[in-house]
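Down below is the structure, laid out as structure tokens.
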Amino acid sequence: HARLAMLTQLIALRRNQDTEAAIAAVRSGEGMRLMGGIRAELGAFITIQQTALTLHDAQFQRKLRQIFSLIVFGCFCVVLLAILFVNLVFQQNRQRLKTLVLQETQALLIIQDRSNLQLKKANATLLVSEEKLAVTLNSIGEAVIATDAEARVSLVNPIAEVLTGWTQ
């Protein structure tokens, strides 16, 4: 305010044609002293502002690091959840596959049991038929010689054994 008041006074002196008084006021060094004070106050203000800016910048950097840490932690959590989800889906599919394999194995065992039962019945029927055939062939009063598809003798009844001298 003092500098502004001095400038106003110098301008008033100049307008009133009092050049001598204006020059004397300038030469007195009052203006230089006031300007030096203004510069000193402005320098102190700039220093305060730079300190505040440095503090603000440090706080801003700290907050940025905190945000970055939160983002990294969040990403880590998302990746971990994704891995857990994939593992859960994998385990469920694996369990479903085991269940399907078990069901298919049980169905195949049932089919195999039925086939085995049919084979036992067929073998029993065949055994009965072979016994009947053997009784029939042995009771026939004529010689009977049976061959397989390659013309090898597969059966000779007792009368054929007597006539040929071959034994079963």
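Which percent of the accessible heavy-atom area of the chain goes to carbon and sulfur, probe 1.4 angstrom? Intermediate results must be reported in sequence, preceding the final value.
Values: 9460 of 14460 Å².
Exposed carbon and sulfur together represent 65 percent of the surface.
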**Answer label for Kirkwood radius over Cα pairs in Å (calculated), chosen among (1) 16.2; (2) 15.5; (3) 29.6** = (3)
**Item:** Rounded to the nearest 10 Å², the accessible area of Lys121 at probe 1.4 Å
**Value:** 130
**Centroid-to-centroid separation of region 122-167 and region 65-97 [C-alpha atoms, Å]** = 78
**Asked** Which of Leu13, Leu117, Leu126 moves the most in a Gaussian network model of the chain with Cα springs under 10 Å?
**Response** Leu13
**Message:** Taking amide H atoms as placed 1.01 Å from N in the peptide plane, list the residues 5 or more away in sequence, or in a different chain, whose amide H sits under 5 Å from that of Leu155.
**Reply:** Ala146
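Let's see if you can work this out: charge +1 on each Lys and Arg Cβ, -1 on each Asp and Glu Cβ, no other charges. What is the dipole magnitude of the chain about its Cα centre, in debye to the nearest 20? All intermediate terms of the calculation are to be shown ahead of the outcome.
Numbers: 17 positive and 13 negative charges, 353 e Å.
It comes to approximately 1700 debye.
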**Item:** Formal net charge of residues neighbouring Ser69 (Cβ-Cβ distance under 14 Å; K, R +1; D, E -1)
**Value:** +3
**Fill in**
Between the residues Gly31, Val153, Leu84, the Cα farthest towards the positive end of the dipole of the chain, that dipole coming from +1 and -1 charges on the beta-carbon of Lys, Arg, Asp and Glu, is from Gly31
**Item:** Surface per residue (accessible, 1.4 Å probe) for region 1-142, Å²
**Value:** 88
**Asked** If the chain between Val162 and Lys132 were fully stretched, how many nm would it gain, using 0.36 nm times the residue separation less the Cα-Cα distance?
**Response** 8.6 nm
**Prompt:** Which value at 222 nm does the chain reach when only helices count, each DSSP H run of 4 or more adding -39,500 (n - 2.57), with the total divided by all residues and rounded to the nearest 500 deg cm²/dmol?
**Reply:** -30500 deg cm²/dmol
**Item:** GNM top mover of Glu130, Glu142, Glu150 - the chain, alpha-carbon springs below 10 Å
**Value:** Glu150
**Item:** Between 0 and 90°, nearest 10: helix 30-139 axis offset from the chain longest Cα axis
**Value:** 10
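The values are calculated or read from the model by the stated rules, or taken from the named source; none is laboratory data. Treat the numbers as computed from the prediction; the structure is a model and nothing was measured. Using ideal geometry, Cβ is built from the backbone for each residue, glycine included, and neighbour counts are taken over all protein chains shown. Quick note on the areas: whole protein, heavy atoms, side chains included, nothing else; ligands and nucleic acids left out. Shrake-Rupley method; radii C 1.70, N 1.55, O 1.52, S 1.80 Å.
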